[in-house]
1. Considering Cα pairs under 8 angstrom that are at least six residues apart, work out the relative contact order of the chain and quote it in whole percent.
2. Can you quote the Å³ per residue value for the convex hull of the Cα atoms in segment 5-87, rounded to an integer?
3. How large a share of the accessible area of the chain, in percent, is made up of carbon and sulfur atoms when the probe is 1.4 Å and the other protein chains stay in place?
4. Provide the packing ranking of 4-13, 24-33, i.e. peptides ordered by the mean count of other C-beta atoms within 10 Å per residue, highest first.
5. Per residue, how much accessible area does the chain have with a 1.4 Å probe, in Å²?
Amino acid sequence: MLVCQNRTCLKQGAAAVLAAFQAEPIANYGVTGTGCMGQCGSGPMVRIVPDEIWYSQIQPEEVSLIIQHHLLGGKPVKAMLYPKFHS
Ligand code: FES
């Protein structure tokens, strides 16, 4: 999965979101900090690949929800999806 680490997302707390994912490694889902994803202002942005599911405004305390429900359970967390791409 990709966690934006560019300026705007960093201001919104993206470093802590990346750290939260790195603290709970999941098989089949590597974690990488990336440059800007072109969605500045809706961050911190998280993009799950290869699923192509985007999450917006993710806070560190919400990371475990994504891990449990999506990465381990196979069901995206609807309430946290990025509405621009998942309406
Ligand atoms: S800085 Fe994160 S999407 Fe642009």
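The values are calculated or read from the model by the stated rules, or taken from the named source; none is laboratory data. Source: prediction; values computed, not measured. Positions of Cβ are generated from backbone atoms using ideal geometry, with glycine treated the same way; all protein chains shown enter the neighbour counts. Surface accessibility is based on the protein's heavy atoms, side chains included, excluding ligands, DNA and RNA. Shrake-Rupley method; radii C 1.70, N 1.55, O 1.52, S 1.80 Å.
1. On the way: 135 pairs, mean separation 26.6, N = 87.
Relative CO of the chain lands at 31 percent.
2. Taking the convex hull of the Cα positions in segment 5-87, it is 83 Å³ per residue.
3. Looking at the chain in its full context, I get 52 percent from C and S.
4. Working: 4-13: 18.6, 24-33: 12.8.
Top to bottom by mean Cβ count within 10 Å: 4-13, 24-33.
5. Accessible area per residue, the chain: 54 Å².
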